[in-house]
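A.B. asks: Please find one structure pasted underneath; my questions will follow.
Quick note: the coordinates plus some simple rules give every number you see, no bench work behind them. As the structure is a prediction and not an experimental result, all values here were calculated from the model. With ideal geometry, Cβ positions are generated from the backbone for all residues, glycine too; neighbour counts draw on all protein chains shown.
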Amino acid sequence: SMDVETISTGSLSLDIALGAGGLPMGRIVEIYGPESSGKTTLTLQVIAAAQREGKTCAFIDAEHALDPIYAKKLGVDIDNLLCSQPDTGEQALEICDALTRSGAVDVIIVDSVAALTPKAEIEGEIGDSHMGLAARMMSQAMRKLAGN
């Protein structure tokens with residue numbers, strides 16, 4: 001079996017359930033679930049666990065909803081967390097790409113994919129058609145990020 005470097009989710013039972021002992025490093029992982037099901041909490045626990053191992057983490061807050069007090073309660077070192085609140089989906093993904101290429105960051109969280117709104121949609125008129133725009137933006141970004 002291939003030895004994949006992992007990062008703990010901060011939950012022993014989840015690490016065991018994942019089989020490899022956590023989330024794989026150097027991979028794109030999507031955490032999917034209904035609203036208020038704990039996705040952000042899980043990502044903050046991953047950051048806390050990574051920071052305890054001396055790793056550098058970034059949180060791209062597309063939701064503009066990161067609660068630093070709650071994050072601190074979960075063990076996140078807010079002062080050493082790279083945090084960005086981009087205005088557009090493209091901006092968020094460009095930051096993600098730059099951080100990935102820098103090689104200086106171990107964990108990058110994008111919260112959330114649903115909040116990554118394309119610039120054209122933000123600047124457009126109500127009623128304008130933006131069909132497939134977000135999907136195109138995401139697939140382009142995934143190809144770019146996966147190539148890094």
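A.B. asks: In terms of Cα to Cα distance under 12 Å, which aspartates and glutamates are near enough to residue 55, apart from those fewer than 8 places away along the same chain?
C.D. replies: 77, 106
A.B. asks: Right, something else. If Rh is defined by the Kirkwood formula over all Cα pairs and Rg also comes from Cα, what ratio Rg/Rh do you get for the range 6-146?
C.D. replies: Computed over Cα atoms, the ratio is 0.98.
A.B. asks: Given a Förster distance of 41 Å, report the FRET efficiency between residue 53 and residue 119 from their Cβ-Cβ distance, rounded to the nearest 0.05.
C.D. replies: 0.70
A.B. asks: Separate question: Calculate log10 I(q)/I(0) of the range 48-125 for q = 0.24 Å⁻¹, where I(q) comes from the Debye formula with a single equal point scatterer on each Cα and nothing for solvent.
C.D. replies: -1.12
A.B. asks: Applying the Karplus parametrisation 6.51 cos²θ - 1.76 cosθ + 1.60 with θ = phi - 60° to the phi angles of the range 108-125, what ³J(HN,Hα) value in whole Hz is obtained for each residue in order, glycine and proline being reported as x?
C.D. replies: Per residue, the Karplus-derived 3J(HN,Hα) values read 10, 10, 10, 10, 10, 4, 4, 8, 7, 8, x, 3, 4, 6, 5, 8, x, 8 Hz.
A.B. asks: To the nearest 0.05, how large is the calculated FRET efficiency for residue 5 and residue 130 if R₀ is 35 Å and r is the Cβ-Cβ distance?
C.D. replies: After rounding to 0.05, the efficiency reads 0.35.
A.B. asks: Pulled fully out, how much extra length does the chain show between residue 65 and residue 80, if you take 0.36 nm times their separation in residues and subtract their Cα-Cα distance?
C.D. replies: Extra length from residue 65 to residue 80 when fully extended: 3.6 nm.
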